[in-house]
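Report on the following structure.
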Amino acid sequence: MTHTPLRTILVSVLAVGSWGLAVQAQAPARTTTASVARPASQGFIWSVERDGQTGWLLGSLHLVTPDAYPLPASMESALQAAQVLMEEADPDELKAPEAAAELLRRAFYPSGQTLEAHVSSATYRTIIDRATKAGLPVQIVQQMRPWMVAVTLATVEMQRSGFDPALGIDKHFRDRASVLGMPVQMLETALEQISMLESLGPTLQDALVLETLEGASTEALQARALMGAWKAGDASGIERILVDGMKDAPEVHRVLFVERNTRWVPKIEACLVKARCLVVVGAGHLVGQDGLVEMLRRRGYRVVQQ
């Protein structure tokens, strides 16, 4: 399957990170079943051991279809054995009044400005047409900044294709940790994640909008390939889809993956030293030479896929 770096970026944002934004925050809760193991070769989970301390790295997809469940037994076993859950960020923080106000400030133009003034007339007409067909209020779309338009339209299309943020793997483990009374730590804030989207710059944001408009089903098709590799425990497949897909956009790969992984490693190590830590992050953060699996191996950890 061919895809451009820009489309890979968009699928990374939607399917791999914990980017909840306003769309995810409104998703209804749904009950999932994860206690029954499904037959699978390997789960997208690695045990991490050093100096007698054990933990786990688990690759997450933020939007999945119902057939992602039940999860592999190795994931449930890790949760039962863990003492602390560590994830990328908690989208629920955006529900707090101050954070919600900051999201609105960053994702929407201030009064007196509209999207129409910041994109070409042809692009704007296409956006409004797509938004109308998707059932999005035109008045709201008119106020969105380009990156928010791209994420929102693509999310709606993926939800129509059966991908549900309420079923996201990271959300599932947060919910399970809450039931178990397990402490939960975050590697960054949701607003910091939004800042990374903003840092892509207006040119790339506009290009993301155009990529989204070119094909309504492409993101869902690529996300299905991603989920197929995830279900098979195929780290090489995830790497081909995400990491190799960004080879022509090294700056974006550096910002979204390499720099974040580098910042996360000391926090992950601190958690592993203190407790049996289950680390749940986007699957793309685990693969490749700059992935967390290889980073921890270079620091003397024994990291084995389960």
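The values are calculated or read from the model by the stated rules, or taken from the named source; none is laboratory data. On a predicted model such as this, the values are computed, not experimentally measured, just so you know. Quick reminder, even Gly has a Cβ in these numbers, built from the backbone with ideal geometry, and neighbours come from all protein chains shown.
So which residues in region 177-188 are β-branched (V, I, T) and not in a helix (DSSP H, G or I), if there are any at all?
Keep residues of region 177-188 that are β-branched (V, I, T), which gives 179, 184.
Scanning region 177-188 gives a single hit, V184.
Among the listed residues V255, V265, V273, V280, identify the single one that is within 17 Å of the chain's Cα centre (by Cα), more than 20 Å from F173 (Cα to Cα) and either among the hydrophobic types (A, V, I, L, M, F, W, C) or modelled with pLDDT of 90 or more (or both).
Working: V265 fails: within 17 Å of the chain's Cα centre (by Cα); V273 fails: within 17 Å of the chain's Cα centre (by Cα); V280 fails: more than 20 Å from F173 (Cα to Cα).
The match here is V255.
Please enumerate the residues belonging to region 159-168 that are in contact with a Leu (Cβ under 9 Å, 6 or more places away or on another chain) and either modelled with pLDDT of 95 or more or of a type in the set (D, E, K, R) (or both).
D164, the sole residue that qualifies.
Could you figure out which of (1) surrounded by 15 or more Cβ atoms within 10 Å (Cβ to Cβ); (2) over 18 Å from the mean Cα position of the chain (by Cα); (3) touching a residue at least 24 places away in the same chain (Cβ under 8 Å) isn't true of Q83?
(1)
Which residues, taken from region 135-171, are in contact (Cβ under 8 Å) with a residue 40 or more places away in the chain, within 30 Å of A117 (Cα to Cα) and of a type in the set (G, A, S)?
Passing the criteria: A150, A154.
How about region 137-176: which of its residues are part of a loop (DSSP other than H, G, I, E, B) and under 19 Å from D67 (Cα atoms)? Outline the logic, then answer.
Filtering region 137-176 down to residues part of a loop (DSSP other than H, G, I, E, B) leaves 137, 142-143, 145, 161-163, 168.
If the condition is that a residue be part of a loop (DSSP other than H, G, I, E, B) and under 19 Å from D67 (Cα atoms), then S161, G162, F163, G168 are the ones that fit.
Those residues that are crowded, with 24+ Cβ neighbours inside 10 Å and under 20 Å from P66 (Cα atoms), I need them from region 227-244; list them, please.
Within region 227-244, the first condition is being crowded, with 24+ Cβ neighbours inside 10 Å, and the residues that meet it are 230, 238, 241-242.
Within region 227-244, W230, I238 meet the criteria.
Condition check: closer than 16 Å to G55 by Cβ, among the basic types (K, R), in contact with a Leu (Cβ under 8 Å, 6 or more places away or on another chain) and surrounded by fewer than 20 Cβ atoms within 10 Å (Cβ to Cβ). Does K274 satisfy that? Give the derivation first.
On the way: closer than 16 Å to G55 by Cβ: yes; among the basic types (K, R): yes; in contact with a Leu (Cβ under 8 Å, 6 or more places away or on another chain): no; surrounded by fewer than 20 Cβ atoms within 10 Å (Cβ to Cβ): yes.
Answer is no for this residue.
Does at least one position in region 143-155 carry a residue that is exposed (fewer than 14 other Cβ atoms within 10 Å of the Cβ) and of a type outside the set (D, E, K, R)?
Initially, region 143-155 is screened for residues exposed (fewer than 14 other Cβ atoms within 10 Å of the Cβ), giving none.
Within region 143-155, none of the residues are exposed (fewer than 14 other Cβ atoms within 10 Å of the Cβ) and of a type outside the set (D, E, K, R).
Only one of A216, A177 is more than 25 Å from E251 (Cα to Cα) and at pLDDT below 70; which? Break it down into steps so the answer makes sense when it comes.
On the way: A177 fails: at pLDDT below 70.
Just a single option satisfies the conditions, and that option is A216.
Looking at (1) more than 22 Å from the chain's Cα centre (by Cα); (2) free of Cβ contacts under 8 Å to residues at least 40 places away in the same chain, which one does P70 not meet, given that it meets all the others?
(1)
Of these, L278, L296, which one is in a helix (DSSP H, G or I), touching a strand residue (DSSP E or B) at 6+ places or on another chain (Cβ under 6 Å) and within 19 Å of W46 (Cα to Cα)?
Working: L278 fails: in a helix (DSSP H, G or I).
Of L278, L296, the one residue that is in a helix (DSSP H, G or I), touching a strand residue (DSSP E or B) at 6+ places or on another chain (Cβ under 6 Å) and within 19 Å of W46 (Cα to Cα) is L296.
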